[in-house]
Each structure stands twice: as structure tokens, then as C-alpha cells.
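Engineer: The structure is given below, and queries will be raised subsequently.
Coordinate-derived values only; no laboratory data. From a predicted model like this one, the values you see are computed outputs, not experimental measurements. Glycine also receives a Cβ, built like all others from the backbone with ideal geometry; neighbour counts cover every protein chain displayed.
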Amino acid sequence: MKFKTSAIALGLAVALAACSKKEEAVAPEAAAPVEQAAPQAVAYVTHQDGPVTIYSLADYTKIGEINVGEGGRGVGLTEDGKLLVVAVKETKDLAIVDTATNQVVRRVPVGINPEFVRVLGNLAFVAYEPASKGGPPPKPGSAEAKAIEKEREEGDELPAQVAIIDLVKGEKVKEITAGFETEGIEFSADGKHIIVTNEADENVSVHDIETGEKIKQIDTESYGIRPRGVKRSPDGEQFVVTLEYGNKMLILDKNYNVINEAATGEVPYGVTYTRDGSEIVVALARGKAIQVFDAKTLELKREMPVGDRCWHFSFTPDDTQLIVACGRSNNILVLDYATGNVIKDIPEGNMPWGVMVSPKSVGSLDIPG
């Protein structure tokens, strides 16, 4: 009996040990991953006389402001959306903004009258005008315009510069000498060349980014005056250039030769291709409209009425809506891109100038996808 009891006890101990080992072999249940909320889709709007305003793209409510100083115009965004950069006329610099906090984290001196901004990788390219006297440019053919032209011919006026800012270092690392009153900035598909429009010089110049050397100049006066906007097609095969007082746009091939032209409405400025490259979208400052052209035939497909002096615009990330900054009528319009219907009309003082959407989309201030 004693032997039987001991055997039972031994069997029980072995069974308990086996169960213990079995339990150890089972891995603990993994915790479910915590789902990270996607960054909110927003539109940043710069103003010549006020702060940068921030709008939610969900319902276009205003959700914040960024005080960069008066004269905020050109605006760019890094590819990851972490840094917003704004050219500020009053302080003659580039304000670098952390989009997580909407705080200016650094200011980089640029020069007199910084205006247009484009971002390529970790570099910001900012056009500025050392000879600028402030105020709007004189009318072509006026006494003031002729006096300025004489100064340039005699070499008494400095041409515009494109400052290159390293956003990681937070400093100006290089400058490229452009023409007079440089406005638009674009890059070649391989990122080796910068293409700029020089409205007072009546030309488009192409420069090697590494050396700053001018490698080509395209004179536009025979087509129309004051080249302003410039945009590369998504496939990198061509560029479109708007001629502000020529009421026209030019098409350049990838080697920067003029291959086509088409009439636009009055005073075209901001311009872009749609994401698929099938259409060209042009903002008319005086014509008070957004025009949509077939990118292959250059035929006008439709027009969308807008406000006064609409400089720049941007698509929403899904490409269905267009957000337009109208400086002289002091409002922001949200349009249905397919129909042109006004979805939202947002009153905005302080002369809205540029629109940048995050996540990045296609627009007159964005790099085509």
C-alpha cells in the first residue's frame, strides 16, 4: 500500500512538471499595435500683410496661425511635410517653421525683397531682388520703366539672385545670379538644373545648380512680355511658361526649346500641370478666372470664375478641389475642379498670396508628382 501511494505521488509530480513546461513553451499573447493617427490634411495660406493661416481640409475651418512677419509670400514644404518655409519681405529672410508645433524655429537672412520659393530635397531656393525699390513694377513703356531699363543697360542695377538655403544646417550655402526681377523657379527632372523666369529681362534662363553657370537663355519678347510662372510636366518632357503681359503661355521641351504657344486670358501668372499631365491649369490675375487647357492640343477646355488678383493655387491631395488665394479681393476660394462650382468662399484680409497643401499636392507652388 505504501508503494502504491508513492507511485501515485510520483506520477502526480511528473504530470505537474510536464504541465509547467508546457505552459512555459507557450509564448505570451502579443499586444495589439497602437494605431497612429494620420497627420491632419491642411492648407497653409501666406499673406503679404499678415500671418500664415492654417485651414483643415476636412471642412475648411481655420485651425491656426503662424506669425512669420509681414510680407510672407513664397512658401514651400519639405517632402516629409515636417518643415514649412516662407519668404518674408519685411525681415528679408526665410522663416523655417516646424509643422508639428507651428513655431518658427529658425530665420535665415536672404536679401532684399525675397519672393518666390521652391524646395528640392533639403534645399530651399529663394528668389530675391537686391535692386528692388519696393512697390509694384512700373507699367511697360512708362517713363519709370524706361529709366530702370537704362540703369540696367549701363550696369548700375544689380540682377536678381536665387539664394540656396540648406534647411538642415539652417544657412545660406550658395547663390545663383539670375536676370532682372526673377519670378518663377522650376527644376529639371533630374534635379541638376534650375529654370527661372526673369520678367524684366523678357527671358527664361537655365542654370547648373552645382556651379551656378547659366547654360541657356530663352528670349520671350517675340512671343509676349513678362515671363512669370514656370512648371515642369510630371513626365519631365516639357515645361510651361506664362507670359504675364503677353496673355500667352509657351511650351518648352526638355532641352528648353520653345515648341508651342497658346493664348490665355488676361495676365496669366500661377500655372501647373495636373498630376497625370493631361491638363494645364492657369490662374488669370486680371481675367479673374482659372483656365484649364488640354496639355497636348493646348485647347481651352473650361474656365472657372474667381476673385481679383488670384496669384497662386493648389489642388487638394485627392485632386478633386482647387484652393485659390485671391489677393485683391481678400478671399480664399475652394472650387470643385471638375465643375468650377464654389464649395467654399472664405473671407481673408491681409492680401492672401500663396497656398501650400500638406500632404503635398500639385499646385502652382508645388513640384509636380
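Engineer: Relative to the Cα centre, what is the charge dipole magnitude of segment 171-313, using +1 at the beta carbon of each Lys and Arg, -1 at the beta carbon of each Asp and Glu, and rounding to the nearest 20 debye? Display every interim value, and only then the final one.
Structural biologist: Numbers: 18 positive and 26 negative charges, 74 e Å.
It comes to approximately 360 debye.
Engineer: What ranking, highest mean first, results for peptides 187-198, 59-70 when packing means the other Cβ atoms within 10 Å averaged over each residue? Could the numbers behind the result be given before it?
Structural biologist: On the way: 187-198: 18.6, 59-70: 15.2.
Per-residue Cβ counts within 10 Å, averaged per peptide and sorted highest first, yield 187-198, 59-70.
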